[in-house]
Every structure is written in C-alpha cells, then in structure tokens.
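Derivation of every value follows stated rules applied to the coordinates shown; laboratory data play no part. Everything quoted here is computed from the prediction, not taken from an experiment. No Cβ is skipped: glycine too gets one built from the backbone with ideal geometry, and neighbour counts run over all protein chains shown.
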C-alpha cells in the first residue's frame, strides 16, 4: 500500500530550507539534526531526503543507495556524538514511530537517536 506524502510537513520544509535546523550531518540522501524538544542530552533526528512516510515505506521503496546512505549516516551520527557502546560510549536508543498507533507526529520517515543518560525501560509493561 502506498503512503500519502504531505509536502508541507515540517521535515519537508526543513529539507527545502524553509525552516532552519541545527545540522549534525548531511549526506547525499540523509539529513541529521538536533531535535528542537530534546528528550535526552543527545537527541538527534535522522531523516532521508526522499519522500518516505514510514520505515516500511522506506524499506519497500527507497533505492539501495538511499538505504545504505541512511544506515551509514546513523552510524556516523553515533560516532560523532561519542555514544557508540563499542567505542567507549554509554549507548543509545533509536526510535521510529509509524502511523496512528505508533504515535507518529510528522509524516516523514525519521529515527530519533537518544543518548547521554539512562533512558529507562522502553515501554511500561502495564501500558
């Protein structure tokens, strides 16, 4: 099923340069920038430059070059932030919300990279 893409979403506007951002990394196919409402000492959003709504949309429809670039950009962001557990960092959480039940707020595929403190359990088992 195709996902409808809204060209007026905030990330599309950031990609067009209409809204400023604090860029952490930019590559041919990916942009990473600081979240404006950080939930941890490090909170970076990583987005593909293509018109993808959710992770499954990206996985099904992005080119191999886009997928490789996006994945490597995540690794580079973690390296630049010094959060990779294999490189002496304390670790991180990577989250991608999709659709209504996933509480996705912006209809442009993105992952949150959060680090810099113990983030606790991912979900409340009673929730």
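Taking a ≥ b ≥ c as the square roots of the Cα gyration tensor eigenvalues, with a/c under 1.5 meaning rounded and otherwise prolate when a/b beats b/c, else oblate, which class fits segment 28-115?
The shape class here is oblate.
Most mobile of 53, 68, 103 per a Gaussian network model of the chain (Cα springs, under 10 Å)?
Maximum among the listed residues: 103.
Which of 32, 55, 115 moves most in a GNM of the chain, Cα contacts under 10 Å?
Judging by the Gaussian network model, the answer is 55.
Rounded if a/c is under 1.5, else prolate if a/b beats b/c, else oblate: with a ≥ b ≥ c from the C-alpha gyration tensor eigenvalues square-rooted, which is segment 3-42?
Working: a/c = 1.84, a/b = 1.44, b/c = 1.27.
It is prolate, given that a/c is not under 1.5 and a/b is the larger ratio.
Using a 10 Å cut-off around each Cβ, can you sort 22, 49 from fewest to most neighbouring Cβ atoms? It would help to have the intermediate numbers written out before the result.
Details: 22 10, 49 18.
Ordered by Cβ neighbours within 10 Å, fewest first: 22, 49.
What residue among 66, 18, 76 has the largest mean-square fluctuation in a Gaussian network model of the chain, using Cα springs under 10 Å?
Highest fluctuation of the listed residues: 18.
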